[in-house]
Amino acid sequence: MNAQSDVVAEDDDDFELPWLPDRWTGLRLAGVHFDAIRIDGPRGRVVADQLASITTGGPGPVILAYGGKRATYFLVPVGSTGHRAWPPGVARLTGPVACERRRYFIGVPALRGSTWPLTWHSRPTPDGRLVNVSLLHAVVRAVWAASE
């Protein structure tokens, strides 16, 4: 887990965003408030750590899942992922597309309380800023290139 997400003053939790649950976890439909990029396994954690390092701990909201595939979810602006070539192993979770009947729901943890198996690697901020998809794409490509 990222050290920045472990040390949070109580005052840092005193804000609301329309997609942030008050407690536990909530499911949010992709394409409404954000889309998401999902990376399963250790590569997702590496990307999250590098993104946090580049942005000095403030890359935007990044969620870690400790169950199943141990996925990392990067919350990005709606419609921002489609015009990029993402490497294999990166899933774009976007809003409904006319030619597809799929809908993606992303589990979002609250800022406090029990949210297992989800937790924040990088917490949302009061301004509601999301992950910069151009920077995320560059970091993903660098991580993939380094592991080939």
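The values are calculated or read from the model by the stated rules, or taken from the named source; none is laboratory data. Small disclaimer: the values here were computed from a predicted structure and weren't measured. Neighbour counts run over all protein chains shown; Cβ positions are idealised from the backbone, glycine included. What goes into the accessible areas is simple: the full protein's heavy atoms, side chains included, and nothing from ligands, DNA or RNA. Shrake-Rupley method; radii C 1.70, N 1.55, O 1.52, S 1.80 Å.
Based on what the data block shows, is residue 51 in a helix (DSSP H, G or I), buried (at least 18 other Cβ atoms within 10 Å of the Cβ) and either touching a residue at least 24 places away in the same chain (Cβ under 8 Å) or more than 13 Å from the chain's Cα centre (by Cα) (or both)?
Taking the combined requirement at face value, the residue satisfies it.
Does residue 38 count as of a type outside the set (A, V, I, L, M), in a helix (DSSP H, G or I) and either free of Cβ contacts under 8 Å to residues at least 24 places away in the same chain or open to solvent by 10 Å² or more (accessible area, probe 1.4 Å) (or both)? Step through it out loud before you land on a result.
Working: of a type outside the set (A, V, I, L, M): yes; in a helix (DSSP H, G or I): no; either free of Cβ contacts under 8 Å to residues at least 24 places away in the same chain or open to solvent by 10 Å² or more (accessible area, probe 1.4 Å) (or both): yes.
So residue 38 does not fit the description; no.
Open to solvent by 30 Å² or more (accessible area, probe 1.4 Å) and touching a strand residue (DSSP E or B) at 6+ places or on another chain (Cβ under 8 Å): which single residue out of 123, 103 fits that description?
Working: 123 fails: touching a strand residue (DSSP E or B) at 6+ places or on another chain (Cβ under 8 Å).
Every option except 103 fails the conditions.
Which of (1) closer than 22 Å to residue 50 by Cα; (2) among the aliphatic types (A, V, I, L, M); (3) open to solvent by less than 60 Å² (accessible area, probe 1.4 Å) does residue 85 not meet, given it meets every other one?
Every condition holds for residue 85 apart from (3).
Starting from residues that are touching a helix residue (DSSP H, G or I) at 6+ places or on another chain (Cβ under 6 Å) and in contact (Cβ under 8 Å) with a residue 60 or more places away in the chain, keep the ones in the range 62-121 and report whichever is farthest from residue 19 (Cα to Cα).
121
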